[in-house]
Amino acid sequence: MVIFGWRTTIEQLRMLSLVCGHCHQQAAHNLFRRYTKPTIFFIPLFTISSRYGLQCTFCGVSYDISKMHAHQLV
């Protein structure tokens, strides 16, 4: 019997002070990378999907951004 699954991990890259596009308040934003890996017997193998995003700490809204935009913010 083989145990197969997926593991999604969120990695915080940086905290930034930006104006939120949703609540229009200047607040800290969490810049993060979310990636998914297949697993066999709970051992992660390789990355199959990677997405970047920002989350406002004031209102909690989260939205995806492009890889190029994330690297510019870092």
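The values are calculated or read from the model by the stated rules, or taken from the named source; none is laboratory data. Just so it is clear, the model here is predicted, and its values are computed rather than measured. Heads up, the Cβs are rebuilt from the backbone with ideal geometry, glycines too, and the neighbour counts pull from every protein chain shown. The accessibility values were calculated without ligands, DNA or RNA, using every heavy atom of the protein model including side chains. Shrake-Rupley method; radii C 1.70, N 1.55, O 1.52, S 1.80 Å.
Working note: 222 nm ellipticity from helices only, DSSP H runs with n ≥ 4, each -39,500 (n - 2.57), summed and divided by the residues of the chain, gives -2500 deg cm²/dmol to the nearest 500.
For residue 9, what charge total do you get from the other residues with a beta carbon under 12 Å from its beta carbon, if Lys and Arg give +1 and Asp and Glu give -1?
Values: positive: 7, 33, 34, 37, 51; negative: 11.
Net local charge, residue 9 excluded: +4.
Placing a pseudo-label 7 Å from each Cα along the Cα-to-Cβ vector at residue 18 and residue 34 gives an inter-label distance of 1.5 nm. Accessible area per residue for the chain is 70 Å², calculated with a 1.4 Å probe on protein heavy atoms, without ligands, DNA or RNA.
For residue 49 and residue 25, FRET efficiency with R0 = 25 Å and r from the beta-carbon atoms, rounded to 0.05? Walk me through the numbers on the way to the answer.
Details: r = 31 Å, r/R0 = 1.25.
That gives a FRET efficiency of 0.20.
How many Å³ per residue does the convex hull of the Cα positions in the chain occupy? Walk me through the intermediate numbers first.
On the way: hull volume 6.7 nm³, N = 74.
Convex hull volume per residue, Cα atoms: 91 Å³.
Note on residue 3/residue 65: beta-carbon distance plugged into 1/(1 + (r/R0)^6) with R0 of 30 Å gives a FRET efficiency of 0.30.
Within the chain, the longest run free of exposed loop sites, counting chymotrypsin sites (Phe, Trp or Tyr not before Pro) that sit outside DSSP helix and strand states (H, G, I, E, B) and have at most 10 other Cβ atoms within 10 Å, spans 1-40.
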